[in-house]
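In what follows, a single structure is set out as structure tokens and then discussed.
The values are calculated or read from the model by the stated rules, or taken from the named source; none is laboratory data. Note that the coordinates shown come from a computational prediction; the quantities given were computed from them, not determined experimentally. Heads up, the Cβs are rebuilt from the backbone with ideal geometry, glycines too, and the neighbour counts pull from every protein chain shown.
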Amino acid sequence: MPRSAQVAQPNVGLAPYDQLEQASLGSLRAPEGWPRCPRSKLELIDPSTGKRAPVRCGSLRCYACLVPVALNYASALGLARPSQKLRLTWVGRTHQEIRQRVRKFHRLLRRQGRQVEHAYSVEPNPRGTGNHIHGWTWGSPITLEELQDAATGAGMGAEVWIGPAHVLPTTPPMIKYGLKSVLDYPPGVTEMWPEAREFLELNGGRLLHATRGFWRDGETEEPIPGVRPAIAVARQRAGVAGKYGFLPHT
Ligand SMILES: [Zn+2]
């Protein structure tokens, strides 16, 4: 039995799976000085280095855990090594409306013979003038004209953009751009801030949406069945998946 599993789980309202995953992968590390999760009093320790880290609930509704989770998603996006980055405008007003249009957009791309895997998030325009999408794709390359046809056919704006995707050379490699409403957090936050709240509402309570086959290891082209295992692979690949055990918080 792993060392972490032998520790009694105090009742702090956390799923044991999340805690064990954090112990084995160190999967929810926060930026330096970031507030600890108000829902957990536990700490993790890496016995080989003595490095400590607070356990996190990992909920997107927790202001203190939102940023660490968003950084993990950014690393899963980086791992997938998408080839193109796109922007769609006037995508709709509500999460429901946007979802329907995106479905149609995917259907129209397929009809053009484009087999594309796509991950995206919706962002409000500045000054409340509508919403746009930042997306990342791999599979068939899309031309600007094809993108425009699929976007307008799905009821979105004709003003679209497509170009090469760039992965930031961080450890692990990341794509952060579409998550900037969450990652550009105001200094000294002690509660959920308005931009993050609005972003989550527009995205139906999620950070990212992806087509079924999107998650993969872009280096080996091995498919990965979901964002969580993709985060685990990204951390292992980058050598930042420590072996942590639990330490009671004092
Ligand atoms: Zn939390």
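Under the condition of being within 22 Å of residue 238 (Cα to Cα) and in contact (Cβ under 8 Å) with a residue 60 or more places away in the chain, which residue from segment 26-47 is farthest from the ligand (Cβ to nearest atom)?
Going through the qualifying residues, I end up with 47.
Please indicate, with yes or no, whether at least one residue in segment 71-92 is closer than 13 Å to residue 203 by Cα and not in a helix (DSSP H, G or I).
Yes: one or more hits.
Out of the residues in segment 97-131 meeting the condition of being over 16 Å from residue 210 (Cα atoms) and within 23 Å of the chain's Cα centre (by Cα), tell me which one is surrounded by the most Cβ atoms within 10 Å (Cβ to Cβ).
Out of the qualifying residues, it is 131.
Hand me the list of helices (runs of 4 or more DSSP H) wholly inside segment 131-250 holding 1 or more residues that are over 13 Å from residue 79 (Cα atoms).
Per the criteria, 144-153, 180-183, 194-202.
What is the number of the single condition among (1) among the basic types (Lys, Arg); (2) within 16 Å of the ligand (Cβ to nearest atom); (3) free of Cβ contacts under 8 Å to residues at least 12 places away in the same chain that residue 111 does not meet?
(2)
Every residue in segment 181-196 that is loosely packed, with under 15 Cβ neighbours inside 10 Å and without any contact (Cβ under 8 Å) to a residue 40 or more places away in the chain, please.
Across segment 181-196, the qualifying residues are 184, 186, 187, 188, 194.
Restricting segment 56-68 to residues that are near the ligand (Cβ under 9 Å from one of its atoms) and either modelled with pLDDT under 90 or surrounded by fewer than 22 Cβ atoms within 10 Å (Cβ to Cβ) (or both), which is nearest to the chain's Cα centre (by Cα)?
This residue is 68.
Given the criteria within 16 Å of the ligand (Cβ to nearest atom), in contact (Cβ under 8 Å) with a residue 40 or more places away in the chain, crowded, with 20+ Cβ neighbours inside 10 Å and under 15 Å from the mean Cα position of the chain (by Cα), does residue 80 qualify?
Here the answer is no, as residue 80 does not meet what is asked.
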